[in-house]
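Heads up, the thing below is written out as structure tokens.
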Amino acid sequence: MNINNSIQSFEFEFMRVISSLAADTTEKIAFLEGHGEYNEYQVGDITRELGWYFQVDRGRIGDKPGVLDQYKAVIIAGPTVAFNEKDKFVLDQYIMQGGKVLWFIDMVNASLDSISDGGPMLALIRTLNIEDLLFRYGVRINPILVQDVQCNMIPVNVALAGNTPDFKPAPWLYSPLLAAPYPHPVTRNLNMIKTEFTGTLDTLAARKNIRKTVLLRSSDFSKQVAAPVMISLEEVRRTPKQQEFTDRFLPIAVLLEGSFESAFRNRSVASCSLTGWFL
């Protein structure tokens, strides 16, 4: 198994170099800034990987219509500050012209760092002022957190107060390990995906012209926790009760494709054919 994995890794790296050298043109993609998104250091690894195939830029929209038209795709990674209407309009018109957007959105303000000292954290709903855009395109992000019995392990100090710290791995229900339900090209050959404080998505049946594909989902023993909610590392000491984990296969990442309607349809072109990614 290790030999096969090594061969596959070598083949992947070899073909990646060949494809990057053989490309006639280099498409451009961009990480958006200006709304509290992850900085260049936080997305350094993925930026280096994307750099094999694309020119990767970073920048603000700056209320400038058409500023995104040069990009093959735009990435909005972890915004924490509300979008203004002008930036939303620029994004909407970029999508209406066939632009592709990858949205990595957390609707609940929660972080493992906030409870690493042992104290509790109040996880609050985050308002980003893009909910109307996403709803118009056919998806709703729910302000909840997912707990899953199929989860990652984290080191927790199990020593009594005053004693030498003794860290042991413990299951952390707020760190679901997600799986791909279908053999889709985006998720093909992926192992389990580790997440932290993730939420769920609802796709809207009323959007008839949009094809919806679930890319990642929870296990069949998961639970939704509505925000606001108090979270503490003390929760690792509690044994999950099976009767509480009755939510099955919650959608976490969704691909939407089709004919999207503009959120500004009364002031601009109503719709066009495009592909959008909502994660």
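To keep it simple, each residue is scored yes or no on (1) part of a loop (DSSP other than H, G, I, E, B); (2) touching a residue at least 12 places away in the same chain (Cβ under 8 Å); (3) among the small types (Gly, Ala, Ser); (4) within 17 Å of residue 131 (Cβ to Cβ).
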{"site": "25", "(1), (2), (3), (4)": "yes, no, no, no"}
{"site": "29", "(1), (2), (3), (4)": "no, yes, no, no"}
{"site": "35", "(1), (2), (3), (4)": "yes, yes, no, yes"}
{"site": "39", "(1), (2), (3), (4)": "yes, no, no, no"}
{"site": "45", "(1), (2), (3), (4)": "no, no, no, no"}
{"site": "62", "(1), (2), (3), (4)": "yes, yes, yes, no"}
{"site": "65", "(1), (2), (3), (4)": "yes, yes, no, no"}
{"site": "82", "(1), (2), (3), (4)": "yes, yes, yes, yes"}
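Just a yes or no: is a residue in the stretch 196-210 over 26 Å from residue 83 (Cβ atoms), touching a residue at least 40 places away in the same chain (Cβ under 8 Å) and not hydroxyl-bearing (Ser, Thr, Tyr)? No.
Between 185, 181, the distinction of being in contact with a strand residue (DSSP E or B) (Cβ under 7 Å, 6 or more places away or on another chain) and of a type outside the set (Gly, Ala, Ser) belongs to 181 only. Entry remark, the stretch 154-187: residues being more than 26 Å from residue 119 (Cβ to Cβ), of a type in the set (A, V, I, L, M) and not in a strand (DSSP E or B) number 2 in total.
For the stretch 115-128, a residue qualifies if it is open to solvent by 50 Å² or more (accessible area, probe 1.4 Å) and within 17 Å of the chain's Cα centre (by Cα), and the qualifying residues are 125, 127. The requirement of being closer than 16 Å to residue 171 by Cα, in contact (Cβ under 8 Å) with a residue 60 or more places away in the chain and among the charged types (D, E, K, R) is satisfied by residue 148.
The values are calculated or read from the model by the stated rules, or taken from the named source; none is laboratory data. Predicted model only: the values in this text are computed from it and were never measured. Here Cβ is always computed from backbone atoms with ideal geometry, including for glycine, and neighbour counts include all displayed protein chains. For accessibility, only protein heavy atoms count, side chains too; no ligands or nucleic acids. Shrake-Rupley method; radii C 1.70, N 1.55, O 1.52, S 1.80 Å.
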